[in-house]
Amino acid sequence: MAVAPELWIDGRPAGVEDLGHQALINYGALTSFRVEGGEVRGLDRHLDRLNRSAIELFGEAVAEERLRDLMRAALAGRMDAWLRISLFSNELSLRRPDWIGAPQVMISVSAPPSPLPHGVRLQSQVHVRETPHLKHVAAMGLLRARRLARLAGYDDALFTDDEGRISEGSLWNVGFIQGETVVWPDAPMLDGVAQALIREALDRAGSPQRTEVVRLSDLPRFDGAFLCNSATPAAEIAAVEGHVFIGATDAVQQIGALWRSQPRQKI
């Protein structure tokens, strides 16, 4: 049986009122990441994206030092964990959607999840997330997409628009490999922190990469593909529906190594 995560709100154990509000009002932003030895890869990027989302959704940010203090308090000395930081407000509701102020901070502490496996088989689905540039708590569309893919015999879902332009996956970004070049799709999507760290590492290593529109019809041009998020630095994609990639295992392993080469930052 899975162990329930610890939940902290503004530095105290989560209460029924706060959790009840979140169960009824599905509005907020989040980010999540692995803590290793008390440090996090890309922590500055996670906190910056979280506060940009706070300003857009609530009108005010949360001071970075407060976020760091709350993370340290929730960890209570633990050096390895998975943290999810969610921003919400009990003041904002269907009757009061125009409330403006600094949001409350909920932190979930749990064991790190297992990385997604290599060799996943994907079902393409026409789906564009609501406000795709935000990592928000409205997860029904993502869960439904994954559910439909699993029920159809696939491992996960790859999103396209109605013209077949690929954007992202259910819980991850996607990249394609063409020879020695990594190709990122150009479409509305969440700019993931893992993706940003890989881009930065590719630039530092002098490895070629580019961004362009990628359609389902373009898949035969690529040797392989991979998915990436904070739990899975790089996992090889075996197929998208009937298209099977010839394979780029070595390239995907190198991408994972480049992600791991990024320095960790102290909380």
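The values are calculated or read from the model by the stated rules, or taken from the named source; none is laboratory data. Please read all numbers here as calculations on a predicted model, not as lab measurements. Ideal geometry is used to build each Cβ from the backbone, glycine not excepted, and the neighbour counts take in all protein chains shown. Please note that ligands, DNA and RNA were not included when accessible areas were found on the heavy atoms of the full protein model with its side chains. Shrake-Rupley method; radii C 1.70, N 1.55, O 1.52, S 1.80 Å.
Mind telling me which of the residues 86, 114, 108 ends up being closer than 26 Å to residue 46 by Cα, of a type in the set (S, T, N, Q) and surrounded by fewer than 17 Cβ atoms within 10 Å (Cβ to Cβ)? Walk me through it before giving the result.
On the way: 86 fails: surrounded by fewer than 17 Cβ atoms within 10 Å (Cβ to Cβ); 108 fails: surrounded by fewer than 17 Cβ atoms within 10 Å (Cβ to Cβ).
It is 114.
Answer with yes or no whether residue 45 is open to solvent by 60 Å² or more (accessible area, probe 1.4 Å) and more than 22 Å from the chain's Cα centre (by Cα). Steps first, answer last, please.
Working: open to solvent by 60 Å² or more (accessible area, probe 1.4 Å): yes; more than 22 Å from the chain's Cα centre (by Cα): no.
Spelling it out, it is not the case that residue 45 is open to solvent by 60 Å² or more (accessible area, probe 1.4 Å) and more than 22 Å from the chain's Cα centre (by Cα).
So, in region 217-253, exactly how many residues are open to solvent by 60 Å² or more (accessible area, probe 1.4 Å) and either touching a Leu at 6+ places or on another chain (Cβ under 6 Å) or not in a strand (DSSP E or B) (or both)? Can you show your working first?
At the first step, the residues of region 217-253 found to be open to solvent by 60 Å² or more (accessible area, probe 1.4 Å) are 217, 220-221, 241-242, 244, 246, 249-250, 253.
From what's left, either touching a Leu at 6+ places or on another chain (Cβ under 6 Å) or not in a strand (DSSP E or B) (or both): 217, 220-221, 241-242, 246, 249-250, 253.
So the answer is 9.
For region 225-267, name all the residues that are under 12 Å from residue 175 (Cβ atoms) and more than 21 Å from the chain's Cα centre (by Cα).
248, 251
In region 117-163, what residues are among the charged types (D, E, K, R) and either farther than 20 Å from residue 213 by Cα or surrounded by fewer than 16 Cβ atoms within 10 Å (Cβ to Cβ) (or both)? Can you show your working first?
Initially, region 117-163 is screened for residues among the charged types (D, E, K, R), giving 121, 129-130, 135, 144, 146-147, 150, 155-156, 161-163.
Within region 117-163, 121, 130, 135, 144, 146, 147, 150, 155, 156, 161, 162, 163 meet the criteria.
Note down all Cβ pairs under 7 Å where the first residue falls in region 194-206 and is closer than 25 Å to residue 32 by Cβ, the second is modelled with pLDDT under 95 and open to solvent by 60 Å² or more (accessible area, probe 1.4 Å), and they're at least six residues apart or on different chains.
201/261
Out of 235, 248, 187, 194, I need the residue that is under 29 Å from residue 143 (Cα atoms) and at pLDDT below 95. Which one?
On the way: 235 fails: at pLDDT below 95; 187 fails: at pLDDT below 95; 194 fails: at pLDDT below 95.
Matching residue, one of 235, 248, 187, 194: 248.
Checking the condition surrounded by fewer than 14 Cβ atoms within 10 Å (Cβ to Cβ) and either touching an Asp or Glu at 6+ places or on another chain (Cβ under 7 Å) or in the same structural domain as residue 98 (by the TED database) (or both), which residue from 62, 16, 40, 35 passes?
Values: 62 fails: surrounded by fewer than 14 Cβ atoms within 10 Å (Cβ to Cβ); 40 fails: surrounded by fewer than 14 Cβ atoms within 10 Å (Cβ to Cβ); 35 fails: surrounded by fewer than 14 Cβ atoms within 10 Å (Cβ to Cβ).
The conditions single out 16.
If you scan region 19-32, which residues turn out to be open to solvent by less than 20 Å² (accessible area, probe 1.4 Å) and either part of a loop (DSSP other than H, G, I, E, B) or free of Cβ contacts under 8 Å to residues at least 40 places away in the same chain (or both)?
28
Return the total of residues in region 65-94 being part of a strand (DSSP E or B), in contact with a helix residue (DSSP H, G or I) (Cβ under 7 Å, 6 or more places away or on another chain) and within 18 Å of residue 51 (Cα to Cα). Write out each step before concluding.
Pass one, region 65-94, residues part of a strand (DSSP E or B): 81-88.
From the residues that got through so far, the ones that are in contact with a helix residue (DSSP H, G or I) (Cβ under 7 Å, 6 or more places away or on another chain) too are 81, 83, 85, 87-88.
Going one step further and asking which of them are within 18 Å of residue 51 (Cα to Cα), we end up with 83, 85, 87-88.
Adding up the residues that qualify gives 4.
Can we say residue 190 is outside the structural domain of residue 86 (by the TED database), over 21 Å from residue 245 (Cα atoms) and touching a Pro at 6+ places or on another chain (Cβ under 8 Å)? Before you say what the answer is, go through the steps one by one.
Numbers: outside the structural domain of residue 86 (by the TED database): yes; over 21 Å from residue 245 (Cα atoms): yes; touching a Pro at 6+ places or on another chain (Cβ under 8 Å): yes.
In short, yes.
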